[in-house]
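Peer 1: The structure follows.
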Amino acid sequence: MGKKQSAGLSVKKHEDMSVWYTEVIQKADLADYSDVSGCIIFKPYSYAIWEKIQSEVDKRLKADGIQNVYFPLLIPEKLLQKEAAHVEGFSPEVAWVTHAGDSKLDERLAIRPTSETIMYESYSKWVRSHRDLPILYNQWNNVVRWEFKHPVPFLRTREFLWCEGHTAFATQEEAEKECNERLQMWEEVSKELFALQGVPGRKTDHEKFAGALYTLSIEYFLPNGKAIQGPDAHHDGQNFAKAFDIKFLSKEEKIEYAWQNTWAITTRMIGVLIMVHGDDYGLVLPPSLAPIQTVIIPIIFKDSKAKVLKKAKEIQKSLGDAKLDDREEYSPGWKFNEYELKGVPIRIELGPRDLDNDEVVVSRRDTRNKETVKIKDLKEYVNKTLEAIQKNLLKQSKKTLEDNTVEVKDFKGLKKAIDDKKLALALSCGEKACEESIKEKTGGAKSLNIPFSKKLVNGKCVQCNKEAVANILFGKGY
């Protein structure tokens, strides 16, 4: 019969999320482990989700004038050494190519951990005048970061897929405007595609991207009590421009350095999607990212097979992109379980009795509710239900975030929130020493970002009692 992996999950999500997560990935046929430690195989179902993310993000980027390019995978060591802060941030994670066959290379080549250095060497040749700016380029590619922490499929892997935007402008004002616009775009993508409510904000200096003046991020709460960073945008100022000599003749005929941004979204978001929306029965996918939005399962008996299949095909045609599963080697119950595991938003059941009544049974994946619907009303019902599922998942995500974020007044409250596996919003002086002290005393809670929604500050730092400069969101990172 095959596909025995589609048997139900053996553990509930709240009992052991780690085991649950691993089972969901394997039994929903999303990924497999490879012979390279920390690197996974994206199976067709997960790659189809990534293709939808790519398509929707790419559409938005192109609408903003961003063009796609591709730069080499291999980066000469001399280029990485040009930007000290950048190398310091990435050098422990860099994988190196040292030989070609049996011959040792004259210079080590880094397998790209990110592309600033290889791209900006070219930018320095291409930019001569203010007329050459802005540069609005993006790459869809893979990167390798040889982390030595415990790998988790999608969430933390040594090789992952992403888009990396690298833009350059004549003025700081233009660059900062784009940086903010990109984060706003990520927030829209987060809600409209992923049905995820995150916390947009600015990273503290201690947690910002190496080489950036500042980092803007969206942070998500995971049901295991940990936080994880989503898509981000970095305003790099003129740091890279000075390191790589990206300068131009301004309108005022002065030599100026370019102002730059970098931004990204990665396949990590597939893992966030699984963890936040999934339940004890498997994946729960928002319709906007589901490879299969609607599946039709005919209930086949020998004497009614022909007419049931005929009507099922008519329904499939009327709905447009629905999947018809007419495999006879699997029972309807087995199929119900399979598509529940895969998180398909809507399941339509059609048997001979339904056919006699000109109706079908429709099951919603998010609520698992069933309803009988007349066939003549089905198309409108399915469209409305897909919209309702998308909205409901976002509503649930928002509630989960709000229920697990605690505004604390002192260190005792902060520690209790972390011990209770929640996020803590606390007044802070913003100094590195305080962040490190909080991390040590709470067993690993770090600053996530300074939420944009909490701008008024009046009070003392919960750690050192100095005057606070920001409300900072703290939590244990994934």
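Read-outs throughout are calculated quantities, based only on the coordinates presented, and are distinct from any laboratory measurement. Quick caveat, the model's predicted, so the values are computed rather than measured. Cβ: placed from backbone, ideal geometry, glycine included. Neighbour counts: every protein chain shown.
Peer 1: Can you give the Rg to Rh ratio for the range 248-348, taking only C-alpha atoms and Rh from Kirkwood?
Peer 2: Details: Rg = 24.0 Å, Rh = 17.2 Å.
That ratio equals 1.39.
Peer 1: So what's Rg/Rh here for the range 331-377, counting alpha carbon atoms and using the Kirkwood radius for Rh? Can you show the working numbers first?
Peer 2: Values: Rg = 11.0 Å, Rh = 11.2 Å.
Ratio of gyration radius to Kirkwood radius for the range 331-377: 0.99.
Peer 1: When only DSSP loop residues count, what trypsin sites (Lys or Arg not before Pro) in the range 398-452 have their Cβ near at most 13 other Cβ atoms within 10 Å? Intermediate results must be reported in sequence, preceding the final value.
Peer 2: Working: sites: Lys398, Lys399, Lys409, Lys412, Lys415, Lys416, Lys421, Lys422, Lys432, Lys439, Lys441, Lys446; in loops: Lys409, Lys421, Lys422.
Taking the range 398-452 and a limit of 13 other Cβ atoms within 10 Å, the loop trypsin sites (Lys or Arg not before Pro) found are Lys409.
Peer 1: Can you pull the semi-axes for the range 57-136, root of five times each eigenvalue of the Cα gyration tensor, sorted largest first, whole Å?
Peer 2: Working: eigenvalues 162, 47, 35 Å².
Largest first, the range 57-136 gives 28, 15, 13 Å.
Peer 1: Treating the chain as a set of equal point scatterers at the Cα positions, no solvent, please give the Debye-formula log₁₀ I(q)/I(0) at q = 0.07 Å⁻¹.
Peer 2: Debye curve over Cα of the chain, log10 I(q)/I(0) at q = 0.07 Å⁻¹: -0.44.
Peer 1: What is the angle, in °, between the Cα long axis of helix 116-126 and the longest principal axis of the Cα atoms in the chain? Nearest 10 is fine, range 0 to 90.
Peer 2: Once rounded, the angle reads 70 degrees.
Peer 1: In the structure displayed, which of Lys78/Lys254; Lys311/Lys376; Lys412/Lys446; Lys12/Lys384 lie more than 19 Å apart, Cα to Cα?
Peer 2: Values: Lys78/Lys254 29 Å; Lys311/Lys376 12 Å; Lys412/Lys446 16 Å; Lys12/Lys384 30 Å.
Over 19 Å Cα-Cα: Lys78/Lys254; Lys12/Lys384.
Peer 1: Along the Cα→Cβ direction, 7 angstrom out, place labels at Thr372 and Glu314. What is the inter-label distance in nm?
Peer 2: Distance between the two pseudo-spin positions: 1.9 nm.
Peer 1: Stokes-Einstein at 4 °C, 1.567 mPa s, Kirkwood radius from Cα pairs: D for the range 165-312 in µm² s⁻¹?
Peer 2: Rounded to a whole number, D works out at 70 µm²/s.
Peer 1: When Asp410, Asp32, Asp354 are ordered from fewest to most other Cβ atoms inside 10 Å of their Cβ, what list results?
Peer 2: Numbers: Asp410 16, Asp32 13, Asp354 20.
Least to most surrounded, the residues fall as Asp32, Asp410, Asp354.
Peer 1: If r is the Cβ-Cβ distance from Asn68 to Leu105 and R0 is 30 Å, what FRET efficiency results, to the nearest 0.05? Don't jump to the answer; show the numbers that get you there.
Peer 2: Values: r = 30 Å, r/R0 = 0.99.
According to the calculation, E is roughly 0.50.
Peer 1: While we're here: Of Ala243, Trp146, Gly459, which is farthest on the positive side of the dipole of the chain, counting Cα position, with +1 on Lys and Arg Cβ, -1 on Asp and Glu Cβ, and the Cα centre as origin?
Peer 2: Gly459
Peer 1: Next up: So how do Val469, Val143 line up by other beta-carbon neighbours within 10 Å, fewest first?
Peer 2: Ranking Val469, Val143 by Cβ neighbours within 10 Å, fewest first, gives Val469, Val143.
Peer 1: In square nanometres and to one decimal, what's the mean projected area of the convex hull around the Cα atoms of the range 185-249?
Peer 2: Numbers: hull surface 24.1 nm².
The directionally averaged projection comes out at 6.0 nm².
Peer 1: Would you mind checking Lys52/Lys439; Lys398/Lys439; Lys149/Lys177; Lys43/Lys104; Lys191/Lys370 for any pair whose Cα atoms are more than 29 angstrom apart? Before the final figure, lay out each step's value.
Peer 2: Details: Lys52/Lys439 37 Å; Lys398/Lys439 26 Å; Lys149/Lys177 36 Å; Lys43/Lys104 35 Å; Lys191/Lys370 26 Å.
Checking Cα-Cα distances, Lys52/Lys439; Lys149/Lys177; Lys43/Lys104 exceed 29 Å.
Peer 1: I would also like to ask the following. For the range 309-349, state what percent of all Cα-Cα pairs lands in each successive 5 Å bin, counting from 0 Å until the bin that includes the largest distance.
Peer 2: Per 5 Å bin, starting at zero, the Cα-Cα P(r) for the range 309-349 comes out as 5, 20, 30, 25, 17, 1 percent.
Peer 1: Rounded, prolate or oblate: which fits the range 255-301 when a ≥ b ≥ c are the square roots of the eigenvalues of the alpha-carbon gyration tensor, with rounded for a/c under 1.5 and prolate only if a/b beats b/c? Kindly include the intermediate steps, with their values, before the conclusion.
Peer 2: Working: a/c = 7.03, a/b = 2.92, b/c = 2.41.
It comes out prolate by the Cα gyration axes.
Peer 1: Once the Cα atoms of helix 432-441 and of the chain are each reduced to a long axis, what angle between those two axes, in degrees from 0 to 90 to the nearest 10, is obtained?
Peer 2: The angle comes out at about 40 degrees.
Peer 1: Normalized C-alpha radius of gyration of the range 337-478, against 2.2 N^0.38 Å?
Peer 2: Its radius of gyration relative to the 2.2 N^0.38 Å reference: 1.65.
Peer 1: Could you pull out the GluC sites (Glu not before Pro) across the range 284-370 that fall in loop regions by DSSP (anything but H, G, I, E, B) with no more than 16 other Cβ atoms inside 10 Å?
Peer 2: Values: sites: Glu314, Glu328, Glu329, Glu338, Glu340, Glu349, Glu359; in loops: Glu328, Glu329.
Taking the range 284-370 and a limit of 16 other Cβ atoms within 10 Å, the loop GluC sites (Glu not before Pro) found are Glu328, Glu329.
Peer 1: How far is helix 332-341 tilted, in degrees, relative to the longest principal axis of the Cα atoms in the chain, given as a value from 0 to 90 rounded to the nearest 10?
Peer 2: The angle comes out at about 10 degrees.
Peer 1: OK, next. Rounded, prolate or oblate for the range 88-241? Axes are the square roots of the Cα gyration tensor eigenvalues, ordered a ≥ b ≥ c, and the cut-off for rounded is a/c under 1.5.
Peer 2: Working: a/c = 2.05, a/b = 1.09, b/c = 1.88.
It comes out oblate by the Cα gyration axes.
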